Amino acid sequence: MTRQTLLCLLFFPLLLWSNTLEDLRNKYPEVVADSELCKNLIQNLSDKKDLSAIEQAYLGAIQTIWANHTKSPISKWKTFQRGKDNLEAAVKASPNNIEIRMLRYSVQSNCPKFLNYYDKMDADRGYIVENRAQIKSPALLKIYHDLLKSS
């Protein structure tokens, strides 16, 4: 086997999974319907060292969505709580980050009320609308429009 072939085989999986922020933004809306993608994103983010606040927020949001894909009520609850904790830690680390606030708003506006995780919805929505001009990413703009259209 040639050296080039060996290098391609070793690094090809990394090329398939480049966990950039823009990738997360593009894939986030898909995790509700795609349990395999949801699981893979959680695994890849969990394996990453030193997550940024935004990455931690995506991890948390995706974990809360993963609760929909699990069967056991106990697993659903634990997964949702882990996601909620990650989201809240991200907000605490970067409270003025519109993307993190959008992720929390998307979770709070879509999770069942009995989970009692909706206390920041109004504040987050107001912050998001007021600071919409901060959004530069096309993928994030799409999330913004879909999120506010549905609420």
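All of the numbers you see were taken from the coordinates with simple rules; none came from a lab. This structure is a prediction, so every number in the text was calculated from the model and none was measured. A quick note on method: Cβ atoms are made from the backbone with ideal geometry, for glycine too, and the neighbour counts reach across all protein chains shown.
Phi-derived couplings, Karplus 6.51 cos²θ - 1.76 cosθ + 1.60 at θ = phi - 60°, listed residue by residue for the range 136-142: 10, 6, x, 5, 5, 4, 5 Hz, with x used for Gly and Pro. Given springs between every Cα pair under 10 Å in a Gaussian network model of the chain, which of Asn40, Asn131, Asn116 has the largest fluctuation? Top of the fluctuation ranking is Asn116.
The HN-Hα couplings worked out from phi for the range 48-62 by the Karplus form 6.51 cos²θ - 1.76 cosθ + 1.60 (θ = phi - 60°) are 6, 7, 6, 5, 6, 4, 5, 5, 5, 5, 4, 4, x, 4, 5 Hz, whole numbers, x standing for Gly and Pro. Would you please state the base-10 log of I(q)/I(0) at q = 0.15, 0.19, 0.20 1/Å for the range 20-150, with intensities from the Debye formula using one equal scatterer on every alpha carbon? Log10 I(q)/I(0), no solvent term: -0.65, -1.09, -1.22. Placing a pseudo-label 7 Å from each Cα along the Cα-to-Cβ vector at Asn131 and Lys92 gives an inter-label distance of 1.8 nm. Taking Ile42, Ile62, Ile135 in turn, the Gaussian network model of the chain (Cα-Cα springs below 10 Å) assigns the largest fluctuation to Ile135. The phi-based Karplus calculation (6.51 cos²θ - 1.76 cosθ + 1.60; θ = phi - 60°) puts the 3J(HN,Hα) values of the range 63-71 at 4, 5, 5, 4, 4, 5, 8, 8, 9 Hz, whole numbers, x for Gly and Pro.
Take the Cα of Lys120, go 7 Å toward its beta carbon, and the backbone nitrogen atoms of the range 68-98 under 18 Å from that spot belong to 80-98. Of all lysines in the structure, those lying under 17 Å Cα to Cα from Lys120, and not within fewer than 8 positions of it along the same chain, are Lys84, Lys92.
Quick check: Cα centre of the range 78-151 to Cα centre of the range 33-68, how many Å? Taking the Cα centre of each part, the range 78-151 and the range 33-68 sit 15 Å apart. Pairs from the list Lys76/Lys142; Lys76/Lys113; Lys27/Lys142; Lys27/Lys149 with a Cα-Cα gap above 21 Å: Lys76/Lys142. GNM remark for the chain: springs join alpha carbons under 10 Å apart, and the peak mean-square fluctuation among Pro112, Pro95, Pro29 falls on Pro112. In a fully extended conformation the segment linking Lys71 and Thr20 would gain 15.4 nm over its present Cα-Cα distance, using 0.36 nm per residue.
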